[in-house]
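Can you keep this structure in mind? I'll have questions shortly.
The values are calculated or read from the model by the stated rules, or taken from the named source; none is laboratory data. Because the structure is a prediction, the values reported are computed rather than measured. Please note: Cβ atoms are built from the backbone with ideal geometry, for glycine as well, and neighbour counts cover all protein chains shown. We work out accessible area using only protein heavy atoms, side chains counted, and drop any ligands, DNA or RNA first. Shrake-Rupley method; radii C 1.70, N 1.55, O 1.52, S 1.80 Å.
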Amino acid sequence: MLIGLLACLAPNASAADAEDGFVSLFNGKDLTGWVKRGGSAQYEVQNGTIVGKCVPNTPGNTFLCSEKEFGDFVLKLQYKFIEPGNSGVQFRSAVRSQGDSQRVYGYQYEMRPGCDMTGRIYDEGRRGHKHGLIWLDAHTPKDRLDAAKATCNEGDWNDVEIQCVGPSIKTWLNGELVVDMFDGEAMKGFIGLQIHSGKTGSVAWRNIRVKDLGESKWEPFFVKGDDGEYRLSDARFVLPEEWSFTEDGVLHGVHAKSQDKDGLVISDKNYGDFIARVTYRMNGGNSALYFRAEETEAPWVLRGYQNEIANNSKDSAIWHTAGIIDGKTIPGRGWVASNDELVAKVRNKDGQWNTTCTAAYGDRLVQILNGFCTADIIDEDGEKTGKLGLQMHGNTDTEMFFKDFEVMPITAEMRKAIERETATDE
C-alpha cells in the first residue's frame, strides 16, 4: 500500500514525507534556498528536478549551494547523468574569494558516469591532489568500491546517501556502503551540487532531503580566561615549571636532558571513543600525543598509546609504551602502526607547524597528519579508554610549541547514529 502511495506522489515529496525526520531541500518548483557559486555552469528546474549544465570551455567548477549549513546529518538524493562529464555533491563545505570569483572548498562525494569512483571523498579546493594524493578515503577496500560500482544504473537514476556524525563520514551508492572514514578537517558547512568545468556535462538531481542531527563541537584544553591569560581546562601539568603560555595562546615547553621525568599535559578525564588533535612545532627532542593512557609510577608517568612526534618519518606513527604499577614493569608493545613513506610526503619541514590527529573508535585507530590519513587499523589488544596527554620526553633536550589542543568525545548517542542503531536494536 505504501509503495502505491509513493508512486502517486511528486518525486520531491515522496522521499522526504515518507522518511521520519527528513526535510526536503528542494521544493520541486524553483531554486529557492540555493545560491550559485564559482564558474559559469547553468542550473534550472525541469519537471521537478534540478538540472545543471556545463558551459563548454569556461573556467572554474560551478556549485549550486544550499543557503543553510549542516553539521551532523544524513543527506539523501538521486542523480542522473544527462550528458557525460564530472560531478559531485559537496558537504560540510565553505567558500572563499578567488580573484573576481568565489572558490568552493570542502568534502565532495564524487560522481562519474558509469559510477567509477562514485561515492569516494575528494577534498575540493583544499587537499585535493596535494602531494599527488587524490582520495581522502585512502583505506577504502577495492572490493567495496567494486560492489558499489556494480549497482550503477547507467543513464538512469542512482541513489546517493551521505552521513556525517562528528568525525565519522560514511557514503552509500544505491544502498551499498562505499566510504567509512574518520576526519577532523571540518564539522559544518553547506551542501552543493557540482558541475565540473570541461567540454561537456549535464546532471539532474531530485529527491534532495536531509535529516539534521545537530552539530558536534571541539572541546579545547587551552582556554583564555576573563583576565586575558591562557590556562589549561580539564587538564594539568606534570613539571609545571617547564610550561608557559604565550600571549597568543601557544603552549611553550622546555625540557632539559638532565631531567629523567617527562614533562606532560594530562587530561583530567578518560576518553574512550573520540577524535583529538593538536598543532605542534618542535626544536629538537622527542614528543607525543598520548591517548587511552593510564598514569603509572614510571618516570615517564603514562602507559598506553602515543601518537608519535619525532620531527621525522615516524611522526603520527602509533607507539605503545610501558609503565610501572606496584613496582612492577608492565611492558608496552612498541610500534603498532607506521607509514614512513607517506609521512615523508605530508610532514612539513623542520621548524614549521604540523597538525596531528587521532581518532579512536572501539578497536579502530585512525591517524591523520596535516589532513592526510597515515593509518587506519584495527587493534583488538589495546586499551579502550584512558587519558589524553602531551609529552616532552625525559632525558633529552626538548623544546615544544603546541596550539589548538582539543578533543571531541564520541558519545553513546553519536555512536548510535553512526551505527544506525534504533530502539529495536537494543
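Can you give the relative contact order of the stretch 98-248 as a percent, counting alpha carbon pairs under 8 Å and 6+ residues apart? Present the calculation step by step, with values, prior to reporting the outcome.
Numbers: 179 pairs, mean separation 20.9, N = 151.
Relative contact order comes out at 14 percent.
Give the relative contact order (percent, whole number) for the chain; include only Cα pairs under 8 Å separated by 6+ residues.
Computed over the chain, the figure is 17 percent.
Using only alpha-carbon positions, what ratio does the radius of gyration of the stretch 333-426 give when scaled by 2.2 N^0.38 Å?
Compactness ratio reported: 1.35.
Send over the per residue convex hull volume for the chain, Cα only, as a whole number of Å³.
Hull volume over Cα atoms, normalised by residue count, gives 168 Å³.
Dividing the alpha-carbon radius of gyration of the stretch 254-324 by 2.2 N^0.38 Å (N being the number of residues), what value is obtained? Don't skip to the end; give the middle numbers.
Details: Rg = 12.4 Å, N = 71, 2.2 N^0.38 = 11.1 Å.
Relative to the 2.2 N^0.38 Å estimate, the stretch 254-324 comes out at 1.11.
So, one more: Using only the C-alpha atoms of the stretch 49-145, find the volume of their convex hull and express it per residue in Å³.
With only Cα atoms used, the stretch 49-145 gives 149 Å³ per residue.
Provide the packing ranking of 176-183, 411-418, 329-336, i.e. peptides ordered by the mean count of other C-beta atoms within 10 Å per residue, highest first.
So the peptides 176-183, 411-418, 329-336, ranked by packing, come out 176-183, 411-418, 329-336.
With n ≥ 4 as the cut-off for DSSP H runs, can you work out [θ] at 222 nm for the chain, using -39500 (n - 2.57) per run divided by the number of residues, rounded to the nearest 500?
Computed mean residue ellipticity for the chain: -2500 deg cm²/dmol.
Same structure, new question: For each pair in Lys328/Lys416; Lys53/Lys211; Lys149/Lys217, compute the distance between the two Cα atoms and list the pairs where it is over 30 Å.
Pairs exceeding 30 Å: Lys328/Lys416; Lys149/Lys217.
For the stretch 169-276, what mean projected area does the convex hull of the alpha carbons give, in nm²?
Taking the Cα atoms of the stretch 169-276, their convex hull projects to 13.6 nm² on average.
Please report the spacing between the Cα centers of the stretch 19-82 and the stretch 309-373 in Å, no decimals.
Computed from Cα coordinates, the inter-centre distance equals 40 Å.
Then there's this: In whole percent, how big is the carbon plus sulfur part of the accessible area of the chain, probe 1.4 Å, protein atoms only?
48
Taking every alpha carbon pair in the stretch 105-183, what does the distance histogram look like in 5 angstrom bins from 0, in percent?
3, 16, 27, 26, 16, 9, 2, 0
Equivalent ellipsoid semi-axes for the stretch 16-74, as square roots of 5 times the alpha carbon gyration tensor eigenvalues: give them largest first, rounded to whole Å. Intermediate values should be presented prior to the final figure.
Numbers: eigenvalues 127, 45, 15 Å².
Taking √(5λ) for each Cα gyration eigenvalue gives 25, 15, 9 Å.
Now for a different question. What number in nm² do you get for the stretch 70-126 if you take the convex hull of its Cα atoms and divide its surface by four?
Across all orientations, the stretch 70-126 yields a mean hull projection of 5.0 nm².
Right, another one. Where Rh is the Kirkwood radius over the Cα pairs of the stretch 243-397, the temperature 25 °C and the viscosity 0.890 mPa s, what D in µm²/s does Stokes-Einstein return? Don't jump to the answer; show the numbers that get you there.
Numbers: Rh = 15.7 Å.
Reported coefficient: 156 µm²/s.
I would also like to ask the following. How large is Rg over Rh for the stretch 186-247, taking Rg from the Cα atoms and Rh as the Kirkwood inverse mean of 1/r across Cα pairs? Walk me through the numbers before you get to the answer.
Details: Rg = 23.0 Å, Rh = 17.5 Å.
In the stretch 186-247, Rg relative to Rh is 1.31.
Distances over 20 Å make up what percent of all Cα-Cα pairs in the stretch 296-365?
Cα-Cα pairs in the stretch 296-365 separated by more than 20 Å: 40 percent.
Add +1 for every Lys or Arg and -1 for every Asp or Glu among the other residues with Cβ under 12 Å from the Cβ of Gly106, and state the total.
+2
As a test of understanding, state the convex hull volume per residue of the stretch 356-398 from its alpha carbons, in Å³. If you can, show how the numbers build up before the last one.
Details: hull volume 4.6 nm³, N = 43.
In the stretch 356-398, the Cα hull volume divided by residue count equals 107 Å³.
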